[in-house]
Structures are given as C-alpha cells and as structure tokens.
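The next block holds one structure in the form of structure tokens; read it before the comments.
The values are calculated or read from the model by the stated rules, or taken from the named source; none is laboratory data. From a predicted model like this one, the values you see are computed outputs, not experimental measurements. Every residue, glycine as well, gets a Cβ built from its backbone with ideal geometry; the counts of neighbours run over all protein chains shown.
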Amino acid sequence: MGALVTGCGKQSPGPGGAGLSPEEFRRKLLAGATATKAVCRFCGTGCGVIVYAREGKIVATEGDPKTPVNKGLNCVKGYHLAHIQYGKDRLRQPQVRKQGKLVEVNWEEALDLVASNIKEALAEGGPSQVAIAGSGQWTIHEGYVAAKYFKAGLKSNNIDPNARFCMASAVMGFMTTFGSDEPMGNYEDLDVADVFVTWGANMAEQHPILFSRLLARKQSAAGVELWDLGTRFTRTSEEATEYLEFEPNTDLAIANALAHVIVKEKLYDREFINQ
C-alpha cells in the first residue's frame, strides 16, 4: 500500500512502466515535479500524503513516510486523490434548479441568489430562519470561517454537520460513559493490543490503513485475537479469529448479554463508576 501512484486519471503502464525498473520509472515520472505535503480528505483517519505536481497538474501521489498515522502507506482511496481533481463527473460550476431541472450558472449569479434568499429570510423571521449544513470533508479552516460567518455575521446558531447522522450519537455515548467526547484510546494502541473487536464495521475496506496496523500486530505477536461481529461476512471477517453473524437490528441483544455478564460476574470497575 505504499507504492507511487500516477495521477491525471491515467494508469501507469506497469510496476516499472514500459520496461523501466521501479526506480527508473519513479525518476522519469517525477522529473521536474514539485512535492507538497497534504492530508488525505477521503476519510477521517488523517493519513499524510505527498502530492507531486508539474506545471500545476498532479502527476503522482504517495503516502508520507514521516506521518505517524500511516507511516508511508497509502490505501486505494489515497491512490485516487488525483481523480477527485480531474474526474469527469466533478462539479465545476454552481447549479440552480430552474423549471424543475438543475442548470449550470456562473458564480456571480449563484452567490447573488444565496445572498438574496438569506436577506429575505432574515427580514421575515430573523436569524432563526437561516441554517447551514456543513461537510465532513471540510478542512478546519473552512469550518472555522463558516461558523464565524453564521454566528458572528448572521447571529445564528443553526449550524449542523453531516455528523448529526453518525458521530453525534457516538459523542453523547462517550460523554455519558467516559466523560470525554471521543474514544479513550489512540492509534498507538493498535500496535500493542491483544484483543480487537470490530462490531458492525468493515475495517478492512472502510479504514484500510488502520486495519493494516491491526493485522501487523496480529501477525507479529502470538495470541492476538480479532473478533468480528456483523450482519454479513466481509474482508474483515476473513482475518477474524472468531466471527459472529447476527440478524439486522438484533445486536442490542448481544450488547445486553455482554452487559449482563459484566454485572453478574462483577467484572466492572466499581471505583471508576463511583466517580
């Protein structure tokens, strides 16, 4: 997962490229290219990548060996970062629905329409009448500007992200259980843990970089186990020590059973609970 991958929507002619050795192919591909460090935006793992560009166009990407998250590895999502930039189906112009159909308009018309609608909503009902739905692909800087614009500029607290459908519920669970709004562990735990549990998550395909670290631990130390629970057999299940498949919407029964055993056999930390 650490190979160099060509960009611009083209496939390389092979590992060595038209009969060249990997080293020769790399030198030829990157000749005259500039390297820029970035963070992969496909998911929230936080992998570091190196983007090579020539004359303003991406020619290749690879994992950043100095980033502790992925340590130079790059998954299939990171491989295709250039395709985001040059994909044929990428939206390049704003679209406005006219007579039931989305049509492309220029940026000036689109921004004027948004501004007009915001002014109208504010005039009719004040700040409570406007809202923004953010994106999980935003950078910290983009999210900061959007929040400032709505809170300070429009005096509205109606700000919501797509996390409302995923992480928001998890955050409340973490807060009420552990007193923190995020998992108590960190990525380094993957390198030393003895038992892993994946529950309703296909880690091998959803977060390949982290799964590679899990597998490295499992394969390098005796007795390390992976328990996979889910509604279907996946690539993660293939690597599991034990696999438990259950009917959709029945995993609550499994969770309750585990909780019952923990309480009945007094396997919980009474001092922690009392705090």
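Would you mind finding the one in 86, 52, 79 that is among the aromatic types (Phe, Trp, Tyr) and within 19 Å of residue 211 (Cβ to Cβ)?
Numbers: 86 fails: within 19 Å of residue 211 (Cβ to Cβ); 52 fails: within 19 Å of residue 211 (Cβ to Cβ).
Answer to the check: 79.
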Determine, yes or no, whether residue 205 is closer than 26 Å to residue 70 by Cα, in contact with a helix residue (DSSP H, G or I) (Cβ under 9 Å, 6 or more places away or on another chain) and assigned to a helix (DSSP H, G or I).
yes
Residue selected from segment 57-113 under the condition without any contact (Cβ under 8 Å) to a residue 60 or more places away in the chain and touching an Asp or Glu at 6+ places or on another chain (Cβ under 8 Å), by the criterion surrounded by the fewest Cβ atoms within 10 Å (Cβ to Cβ):
93
Of the numbered conditions (1) without any contact (Cβ under 8 Å) to a residue 60 or more places away in the chain; (2) surrounded by 13 or more Cβ atoms within 10 Å (Cβ to Cβ); (3) within 24 Å of residue 67 (Cα to Cα), residue 187 satisfies every one except a single condition; which is it?
(1)
Mind checking whether some residue in segment 156-166 is under 24 Å from the mean Cα position of the chain (by Cα), surrounded by fewer than 11 Cβ atoms within 10 Å (Cβ to Cβ) and not in a helix (DSSP H, G or I)?
no
With (1) surrounded by 11 or more Cβ atoms within 10 Å (Cβ to Cβ); (2) outside the structural domain of residue 123 (by TED's automatic domain parsing); (3) among the hydroxyl-bearing types (Ser, Thr, Tyr) as the list, and residue 149 as the residue in question, which single condition is left unmet?
(2)
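Residues to consider are 265, 225, 205; find the one that is surrounded by 13 or more Cβ atoms within 10 Å (Cβ to Cβ), more than 24 Å from the chain's Cα centre (by Cα) and not assigned by TED's automatic domain parsing to the domain that holds residue 44.
When all the criteria are applied, what remains is 225.
Taking the condition charged (D, E, K, R), under 29 Å from residue 215 (Cα atoms) and at pLDDT 85 or above, does residue 57 pass?
no
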Report, by residue number, each residue of segment 199-236 that is touching a residue at least 40 places away in the same chain (Cβ under 8 Å) and among the small types (Gly, Ala, Ser).
200, 212
Mind telling me which of the residues 178, 196, 174 ends up being assigned by TED's automatic domain parsing to the domain that holds residue 228 and either without any contact (Cβ under 8 Å) to a residue 60 or more places away in the chain or under 16 Å from the mean Cα position of the chain (by Cα) (or both)?
196
For segment 45-56, which residues satisfy the criterion of being surrounded by 13 or more Cβ atoms within 10 Å (Cβ to Cβ) and in a loop (DSSP other than H, G, I, E, B)?
45, 46, 47
Against the definition (part of a loop (DSSP other than H, G, I, E, B) and among the small types (Gly, Ala, Ser)), how does residue 135 come out, yes or no?
yes
With respect to residue 108, determine if the residue is farther than 30 Å from residue 203 by Cβ and either touching a Cys at 6+ places or on another chain (Cβ under 7 Å) or not polar (S, T, N, Q) (or both).
yes
If a residue has to be among the charged types (D, E, K, R) and under 20 Å from the mean Cα position of the chain (by Cα) to count, how many in segment 67-93 make the cut?
3
